[in-house]
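Student: First the structure, then my questions, so here it is.
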Amino acid sequence: MSAANHRILCTALAAALSLAACGAPKYQPNNRTLPVSKAEYGERWPLAVQSGALDCPLPGAVVLKADGKTYALNGTAESTAKYQLVDGILTANPSGGKVDSQTKIALLQPLVDAGLQLCTD
């Protein structure tokens with residue numbers, strides 16, 4: 001291999017290694033929230049609070065900020081253990097009694113879908 005080719009190969013290798021060392025860009029929350037309310041959602045509003053603001057503080061993690069507290073609305077947010085569980089303010093249960101996990105997901109899905117838009121915008 002010629003000296004010129006060796007320099008080119010070394011330069012390319014060094015550039016590739018430095019890019020690999022940097023890794024993927026860090027997630028940057030967009031610092032936007034989306035106001036939501038019982039008045040807006042009507043009968044589909046599953047919560048005891050009257051309103052709040054959706055946020056996406058971590059990739060895929062949807063939370064609701066209401067009454068000075070932050071509630072995890074999806075499994076991604078719950079898994080961080082940083083936010084309160086929404087179960088305490090979840091009121092809508094068509095069958096009465098305790099809300100099972102599948103019913104909880106179905107009840108919260110419209111809010112989660114709206115919140116996930118904040119994660120991608």
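Throughout, read-outs are computed from the coordinates displayed, never taken from laboratory work. If you're wondering where the values come from, they're calculated on a predicted model, not measured in any experiment. Neighbour counts run over all protein chains shown; Cβ positions are idealised from the backbone, glycine included.
Student: Compute the FRET efficiency between Arg32 and Leu85 as 1/(1 + (r/R0)^6), taking r as their Cβ-Cβ distance and R0 = 30 Å, and round to the nearest 0.05.
Tutor: 0.80
Student: Along the Cα→Cβ direction, 7 angstrom out, place labels at Lys69 and Thr103. What is the inter-label distance in nm?
Tutor: Between Lys69 and Thr103, the simple spin-label model gives 2.0 nm.
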